[in-house]
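The values are calculated or read from the model by the stated rules, or taken from the named source; none is laboratory data. None of these values were measured; they are calculated from a predicted model. Note that we place each Cβ from the backbone using ideal geometry, even for glycine, and neighbour counts take in every protein chain shown. Only protein heavy atoms, including side chains, enter the accessible area calculation; ligands, DNA and RNA are left aside. Shrake-Rupley method; radii C 1.70, N 1.55, O 1.52, S 1.80 Å.
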Amino acid sequence: MFTGALAAVRQTAPTAPPVAPTFSTDSTVPSATSGHTAILNALSAPATSSVPFGCPAPTTEPPPSIPACCPTKPESILATLSGAETPGHSVYLSRRGNSIRQHQGILQEGYTQYHADKYQHTDNPNGIINMGTSENKLCYDLLHKRVREGEETGENRGGRVVHVVLVMCLLDNMTQPDMLHIDPALLQYPDWKGHRFLREEVSRFLSHYCGSPRPLRVYPDNVSVCVLDAILIPTPFYGVITEDVHLYSGVRLFHVHLDCEPSGSGSRPFHLTVDKLEEAMRKAISEGLNVRAMVLVNPHNPLADVYSPQEMTGFLEFAKRHKLHAIVDEVYMLTVFEDTVTFHSVLSMDSLPDPQRTHVMWGMSKDFAMAGVRVGTVYSDNRDLVEALDKLGMFHGVPGPIQHQMAILLQDKDWINGKFLPENRLRMQAAHRYMTGELQSMGVPYLHRPAGFYIWADLRKYLYEPSFVEELSLWRCFLRHKVVLSCGQAFHCSTPGWFRIVFTDRQQHLTLGTFRCFSLLMIAGEENRYREMLIFLPPPFSPSSLFYPVFL
């Protein structure tokens, strides 16, 4: 059970110049503290906000039906406070069509505003810097160089030259002659589950990098490129999974809320355990829900946790006890940048507790820094499931030329192991070291984790009160300061005040973005401190009147 027929999708690539970042590549790291929808379809047939400089005056009452402080119900204000006015009912659409049209989300809102006003050093220096979308922008130059090498030398396969091209990186070379060299067969309707040559390459790739004890099978249909009552999912989690499941399947996600405070010895913030899964399962059953699946993301988004083999075994055994399908998203598996940490795929296990109900997702977008090339894969031993996904593939097939290019890339182990992965790891280390150093200088707590493109930061002290209304107000102030971050309620975090900060960007963007963020946080911190003194200040004084002139 996944979340929509998105096992394999291809969209237009984003624009980004292939410029090498300027981070130091010192590898020392400080020791400070969707494809989901396809499987789902297949298996289912008065609070006052602090007002930092540049933000609108706060409302004195929360919106109707929204409590002033709701620390355990972030989803209750996502649509209401997303900013844009909800579209009215359309007589031309069905009930489901209106529901999809009226759906709003914080991640989508910030991303839309960013695309309408992107920062450009010369053309738009006052534009928005995106530190909220999980993309790796550190290695475009490596990909571009790889493309150039392919153009100059080519590779002889079967008596003909196959030019090695990465479409998403050839933003200034889309009209090069090699881009037009396409086998006619690739322009015809493909095998909807993915051309066999690509599925074979993906199987070899995953067998190697997932450490599978046996080669992963392709024959006949284990790899697919391409309604349940409820699904268990620990929170916080990648927020777009909600859109995947709701818009495609109408399936309910049952949240396993994780506490931001360690609960005892051996525990850590937002620690997922089998006991918490069992407790959530009991609660779901008591509410009359028929839970059929569980979603696990490893490495995690947004926490960047890397689960140990023992933890993953425990989670999969829990799923087996309750006859749940375990959907394991490993799209960040090669983003571990700390040398002392090793990622262990569930495909590396000698034997899975329930192989017929364990399904692994992986894609090119994160590990190869090409979020614009929408190629994802599902690996499962369940042939019935893969056959069902095959029926959905015709709506989400990857174009043949793209499949060809991705297969050629995956074959080049010398470039992957000798150039791309080592250099990408060094650049991620340097960017992570820079961002954590800035957070430490501001006294901002964060989770120090070894993977992913982001840091889960604790900004609770900058909220005037612990509510999701306040968190959303702070998120809007960041946006008005021309920085996109991702706030915790977009990930259904149970505690307000946590933000995801993406650090895999060029030094110039990170420097300016952090300056804008921390300028705002300094004002917010001072305002909250002086707000406590309002009892001693007669009208018309206010914290804002004290500090705004400094920045005007």
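Hey, does the range 512-532 have a residue that's modelled with pLDDT of 70 or more, of a type in the set (A, V, I, L, M, F, W, C) and not in a helix (DSSP H, G or I)?
The initial filter retains those residues of the range 512-532 that are modelled with pLDDT of 70 or more, namely 512-527.
From the residues that got through so far, the ones that are of a type in the set (A, V, I, L, M, F, W, C) too are 512, 515, 517-518, 520-524.
From what's left, not in a helix (DSSP H, G or I): none.
Among the residues of the range 512-532, not one is modelled with pLDDT of 70 or more, of a type in the set (A, V, I, L, M, F, W, C) and not in a helix (DSSP H, G or I), which makes the answer no.
Every residue, every condition in (1) open to solvent by 50 Å² or more (accessible area, probe 1.4 Å); (2) assigned to a helix (DSSP H, G or I); (3) of a type outside the set (Asp, Glu), yes or no:
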residue	(1), (2), (3)
Met361	no, no, yes
Lys366	no, yes, yes
Gln403	no, yes, yes
Trp415	no, yes, yes
Gln429	no, yes, yes
His432	no, yes, yes
Glu438	yes, yes, no
Ala451	no, no, yes
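Please find, among Leu316, Leu303, Leu289, the residue that is among the aliphatic types (A, V, I, L, M), part of a loop (DSSP other than H, G, I, E, B) and more than 20 Å from the chain's Cα centre (by Cα).
Working: Leu316 fails: part of a loop (DSSP other than H, G, I, E, B); Leu303 fails: more than 20 Å from the chain's Cα centre (by Cα).
Result: Leu289 is the single residue among Leu316, Leu303, Leu289 that is among the aliphatic types (A, V, I, L, M), part of a loop (DSSP other than H, G, I, E, B) and more than 20 Å from the chain's Cα centre (by Cα).
Are any residues in the range 242-265 closer than 23 Å to Asp458 by Cβ and of a type outside the set (Ser, Thr, Tyr), and if so, which ones?
His255, Val256, His257, Leu258, Asp259, Cys260, Glu261, Pro262, Gly264
Can you tell me which residue is most open to solvent (accessible area, probe 1.4 Å) among those in the range 258-290 that are farther than 25 Å from Asp305 by Cα and in contact with an Asp or Glu (Cβ under 8 Å, 6 or more places away or on another chain)?
First pass over the range 258-290, keeping only residues farther than 25 Å from Asp305 by Cα: 282-290.
Now restrict to residues that are in contact with an Asp or Glu (Cβ under 8 Å, 6 or more places away or on another chain): 289-290.
Values: Leu289: 35, Asn290: 71 Å².
Of everything passing the filter in the range 258-290, Asn290 is most open to solvent (accessible area, probe 1.4 Å).
Does Glu75 count as open to solvent by 30 Å² or more (accessible area, probe 1.4 Å), touching a strand residue (DSSP E or B) at 6+ places or on another chain (Cβ under 9 Å), at pLDDT below 90 and among the acidic types (Asp, Glu)? Write out each step before concluding.
Working: open to solvent by 30 Å² or more (accessible area, probe 1.4 Å): yes; touching a strand residue (DSSP E or B) at 6+ places or on another chain (Cβ under 9 Å): yes; at pLDDT below 90: yes; among the acidic types (Asp, Glu): yes.
It is true that Glu75 is open to solvent by 30 Å² or more (accessible area, probe 1.4 Å), touching a strand residue (DSSP E or B) at 6+ places or on another chain (Cβ under 9 Å), at pLDDT below 90 and among the acidic types (Asp, Glu).
For the range 232-257, give me each residue that is surrounded by fewer than 22 Cβ atoms within 10 Å (Cβ to Cβ) and in a loop (DSSP other than H, G, I, E, B).
Gly250
A quick yes/no check of all residues on (1) more than 30 Å from Cys260 (Cα to Cα); (2) over 25 Å from the mean Cα position of the chain (by Cα); (3) at pLDDT 90 or above:
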{"site": "Gly372", "(1), (2), (3)": "yes, no, no"}
{"site": "Leu392", "(1), (2), (3)": "yes, no, no"}
{"site": "Met406", "(1), (2), (3)": "yes, no, no"}
{"site": "Gly418", "(1), (2), (3)": "yes, yes, yes"}
{"site": "Gln429", "(1), (2), (3)": "no, no, yes"}
{"site": "Pro445", "(1), (2), (3)": "no, no, yes"}
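When you scan the range 110-135, how many residues do you find that are open to solvent by less than 30 Å² (accessible area, probe 1.4 Å) and in a helix (DSSP H, G or I)?
Start the filter on the range 110-135 by keeping residues that are open to solvent by less than 30 Å² (accessible area, probe 1.4 Å), which leaves 110, 114, 119, 127-132, 134-135.
In the following step, the residues that additionally are in a helix (DSSP H, G or I) were identified as 110, 114.
The number of residues fulfilling the criteria is 2.
Regarding the range 483-494, can at least one residue be identified that is open to solvent by 30 Å² or more (accessible area, probe 1.4 Å) and either among the aromatic types (Phe, Trp, Tyr) or farther than 21 Å from Arg427 by Cβ (or both)? If you could, list the steps in order and put the result at the bottom.
Going through the range 483-494, the residues open to solvent by 30 Å² or more (accessible area, probe 1.4 Å) turn out to be none.
Within the range 483-494, not a single residue is open to solvent by 30 Å² or more (accessible area, probe 1.4 Å) and either among the aromatic types (Phe, Trp, Tyr) or farther than 21 Å from Arg427 by Cβ (or both).
Kindly list the number of the only condition in (1) in a loop (DSSP other than H, G, I, E, B); (2) under 20 Å from Thr313 (Cβ atoms) that fails for Leu277.
(1)
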